[in-house]
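Asker: The structure is given below, and queries will be raised subsequently.
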Amino acid sequence: MDAATLRSVLRAHASGVAVLTAAGPAGPAGVTITSFASLSAEPALVSFALATTSSTWARIADARWYGVHVLSGDQAGLAERFATKGAARFAPPTRWRPGPHGVPLLEGCLARLVCSRHELVRVGDHHLVIASVEHAERGAPGDSLVHLHGALHAVGTAVPAHP
């Protein structure tokens, strides 16, 4: 299977859009991800993957704490900023503050998690991070942001939060 064909086929699969943040040695680091997934409720584990060639991976490879921010349908600009190489990701208009363990916390997201590294596995051309959820909170209800057919889309309707 060649990589170009696989990427083309998988564009038909809608993926939730999140921003991963961490405190790096050179300051806050972050990147847009579509690989975020819930892994286990007991214990509370999530996962995400970053390419080995990612400039952000180089900045957070030694991080022990991460922030995962589930983006709302109206945060496409934020997703694009954190996906753009060389962008000043944490400069205005990005709203953020330092959180526990120095993790940069973005404002205005549908949901936010603070996680610690549980396990790191090199898989093909990516690093798979399995992380323990230490804190989770929901933001205001709203549409979700998904990546589908190579573009960002708001999808869904505001649904009341369930406990």
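The values are calculated or read from the model by the stated rules, or taken from the named source; none is laboratory data. Here the structure is a predicted model, which is why all the values come from computation and not from measurement. Reconstructed Cβ throughout: ideal geometry from the backbone, glycine too, with neighbour counts over all protein chains shown. To get the accessible areas, we keep the full protein, side chains included, count just its heavy atoms, and leave off ligands, DNA and RNA. Shrake-Rupley method; radii C 1.70, N 1.55, O 1.52, S 1.80 Å.
Asker: Which residue, 8, 28, 123, has the largest displacement toward the positive end of the dipole of the chain when charges sit on each Cβ (Lys, Arg +1; Asp, Glu -1)?
Answerer: Highest projection toward the positive end goes to 28.
Asker: If 74, 125 are ordered by their accessible area, calculated over protein heavy atoms with a 1.4 Å probe, which sequence runs from highest to lowest?
Answerer: These residues rank, largest area first, as 74, 125.
Asker: About its Cα centre, how strong a charge dipole does region 42-132 have in debye, to the nearest 20, once Lys and Arg get +1 and Asp and Glu get -1 at the Cβ?
Answerer: Using only the charged Cβ atoms, the result is roughly 300 debye.
Asker: Something else about it: Using 7 Å Cα-to-Cβ label points, what is the residue 84/residue 3 separation (nm, one decimal)?
Answerer: 2.5
Asker: Additional query: In region 14-163, what percent of the accessible surface is made up of carbon and sulfur (1.4 Å probe, ligands and nucleic acids excluded)?
Answerer: With neighbouring chains kept in place, the figure for region 14-163 is 57 percent.
Asker: Can I ask one more? Would you mind working out the magnitude of the charge dipole of the chain relative to its Cα centre, with +1 at each Lys and Arg C-beta and -1 at each Asp and Glu C-beta, to the nearest 20 Debye?
Answerer: 340
Asker: Give me the extension gain from residue 130 to residue 58: residue separation times 0.36 nm, minus the current Cα-Cα distance, reported in nm with one decimal.
Answerer: Here the segment from residue 130 to residue 58 would lengthen by 24.2 nm.
Asker: For the chain, what is the calculated [θ] at 222 nm in deg cm²/dmol (nearest 500), taking -39500 (n - 2.57) for each run of four or more DSSP H residues and dividing by its residue count?
Answerer: That comes out to -3500 deg cm²/dmol.
Asker: Also: Which is farthest toward the positive dipole end of region 35-163 among 108, 152, 84, measuring Cα position about the Cα centre, with Cβ charges +1 (Lys, Arg) and -1 (Asp, Glu)?
Answerer: Ranked along the dipole, the leading option is 84.
Asker: When the expected Rg is taken as 2.2 N^0.38 Å, what fraction or multiple of it is the alpha-carbon Rg of region 32-156?
Answerer: 1.03
Asker: Where only protein heavy atoms count, and the probe is 1.4 Å, what is the accessible area per residue for the chain in Å²?
Answerer: So the chain comes to 55 Å² accessible per residue, rounded to a whole number.
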